[in-house]
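The values are calculated or read from the model by the stated rules, or taken from the named source; none is laboratory data. From a predicted model like this one, the values you see are computed outputs, not experimental measurements. Counting neighbours? That spans all protein chains shown, and the Cβs are built from the backbone with ideal geometry, glycine included. These area figures cover heavy atoms from the full protein model, side chains too; ligands, DNA and RNA do not enter into them. Shrake-Rupley method; radii C 1.70, N 1.55, O 1.52, S 1.80 Å.
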Amino acid sequence: MKIIRITFLGIILMASTNCQPKNTSTKSDIAKETTFPKEAFTTEELQNYETAYFASGCFWCVEAIFESVEGVKEVYSGYSGGKEENPTYEEVAYGRTSHAEAVEVYYDPAKISFTKLVQVFFGSHDPTSLNRQGPDRGAQYRSIAFYKNDEQERIIKDYIDLLESKDAYDRPIVTQVVEFNTFYKAEEYHQDYERKNPNNSYIRNVSIPRLNRFKKNFESYLKKEIQH
């Protein structure tokens, strides 16, 4: 594994350049504990925090990764980036819409910045893989960093430029930088799916190894209760 350390907006960040397929996990990866106590927030309480939106493959995996990060209060799985209203999982999963599986991240800007969330996004998936993450293929699994204002757009594009200037990857970054429009929350059974279904074969062989790789490489970003 190669980890590069770079300075971005005065912050030392790490970018993993080991974007191995998600289905190459080892038994030791799967055996690691991935669950931790989760604080519950009401809808009203969540309105006190900022939101950010990302798409980087299966939302079960992405939700679990962002929920492990200090300063992140809640993460919801859903759909974004397309034109169709009120999409369903079946429609998105079978490529019948222009949406991607995405996550809505509620975070405390006093504890984690949007810049760091962008770093988490790029450090937890392969941004050079077009319409695919690991075993999941199709435009519904494409890489998208959404922005809500000019400052967020600048942060995302500057970070991409920095990664490319440092030759962080062997291939061009194909992440779409898209203005945020609408997020459609996925069906309830998708929320906290990895946490609730640890013995699901996809979770054991794809999601948990992906989360464990992130935890290993970005331990300083993790919630204290799950740091090794």
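Net charge near GLY71: determine it from the other residues with C-beta under 14 Å of the C-beta of GLY71, scoring Lys and Arg +1 and Asp and Glu -1. Each step should come with its number before you reach the end.
On the way: positive: LYS73, LYS111, LYS116, LYS223, LYS224; negative: GLU39, GLU50, GLU67, GLU70, GLU74, ASP108, GLU225.
Neighbourhood net charge equals -2.
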Check: Rounded if a/c is under 1.5, else prolate if a/b beats b/c, else oblate: with a ≥ b ≥ c from the C-alpha gyration tensor eigenvalues square-rooted, which is the range 165-228?
Finding: oblate
Next item on the list: Could you work out the relative contact order of the range 145-228, using alpha carbon pairs under 8 angstrom and six or more residues apart, expressed as a whole percent?
Entry: 24 percent
Check: Quick one: net charge of TYR147's neighbours, Cβ under 11 Å, K/R +1, D/E -1?
Finding: -1
Note to self: Compute, for the range 60-200, the length of the dipole vector about the Cα centre, with Cβ point charges of +1 (Lys, Arg) and -1 (Asp, Glu) only. Units Debye, rounded to 20.
What the structure shows: 200 debye
Next item on the list: Please work out the Cα convex hull volume for the range 28-180 and give it in Å³ per residue.
Entry: 138 Å³
Note to self: Ordering ASP158, ASP136, ASP170 by accessible area with a probe of 1.4 Å, largest first, what comes out?
What the structure shows: ASP170, ASP158, ASP136
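Sorted by accessible area with a 1.4 angstrom probe, largest first, how do PHE66, PHE41 fall?
On the way: PHE66 0, PHE41 40 Å².
Largest to smallest exposure gives the sequence PHE41, PHE66.
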Next item on the list: Decide, for the range 85-171, between rounded, prolate and oblate: order the square roots of the alpha carbon gyration tensor eigenvalues as a ≥ b ≥ c, take rounded if a/c falls under 1.5, and otherwise choose prolate if a/b is larger than b/c, else oblate.
Entry: oblate
Check: Among 72-80, 119-127, how do they line up from the highest to the lowest mean number of other beta-carbon atoms within 10 Å?
Finding: 119-127, 72-80
